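Here the structure comes first, spelled out in structure tokens, and everything after it is commentary.
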Amino acid sequence: MSRPAGSAVALVNREQIIDELTTGKRLSDIAPKLGVSPNALSKALKTDPEYRDAIEAGFHKRLDDAEKSI
């Protein structure tokens, strides 16, 4: 059985991916659940401004969580 195309999966699951990224999850956490590689999702969404915003928000969330744990 072949893996689904990353761009199709990214478009169908776009909102879910962006929501999960905003909460601090990484593409490496999300992609396996969708049956594609993190790189495939990144390539498919790289021009989406909401994707870039979600990546930044997730980074800040992880940073805040790390600072709180110190």
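So what is the accessible area of the chain per residue, in Å², with the probe set to 1.4 Å?
Averaged over the residues of the chain, the accessible area is 68 Å².
Order of 46-55, 9-18 by packing, highest average Cβ count within 10 Å first?
Output ranking for 46-55, 9-18: 9-18, 46-55.
Checking the cross-link filter: which lysines have an alpha carbon closer than 24 Å to that of Lys33, excluding same-chain neighbours under 8 positions apart?
Here the lysines satisfying the reach criterion relative to Lys33 are Lys25, Lys43, Lys46, Lys61.
Can you list the HN-Hα couplings for the range 43-48, worked out from phi with the Karplus curve (6.51, -1.76, 1.60; θ = phi - 60°), rounded to whole Hz and with x for Gly and Pro?
4, 6, 9, 4, 8, 7
Enumerate the calculated ³J(HN,Hα) couplings along the range 58-66 in order (Karplus 6.51 cos²θ - 1.76 cosθ + 1.60, θ = phi - 60°), each rounded to whole Hz, writing x wherever the residue is Gly or Pro.
Result, rounded to whole Hz: x, 4, 5, 4, 5, 5, 4, 4, 5.
Using θ = phi - 60° and the Karplus form 6.51 cos²θ - 1.76 cosθ + 1.60, what ³J(HN,Hα) does each residue of the range 11-27 get, whole Hz, x for Gly and Pro?
Calculated HN-Hα couplings, in order: 5, 5, 10, 3, 4, 4, 4, 5, 4, 5, 4, 4, 7, x, 6, 9, 4 Hz.
Would you mind estimating how fast the chain diffuses translationally, via Stokes-Einstein at 20 °C and 1.002 mPa s with the Kirkwood radius over Cα pairs, in µm²/s?
174 µm²/s
Hey, any idea what % of the chain's accessible area is carbon plus sulfur with a 1.4 Å probe?
56 percent
The values are calculated or read from the model by the stated rules, or taken from the named source; none is laboratory data. Here the structure is a predicted model, which means the values were calculated and not measured. Quick reminder, even Gly has a Cβ in these numbers, built from the backbone with ideal geometry, and neighbours come from all protein chains shown. With ligands, DNA and RNA removed, areas are computed over all heavy atoms of the protein, side chains included. Shrake-Rupley method; radii C 1.70, N 1.55, O 1.52, S 1.80 Å.
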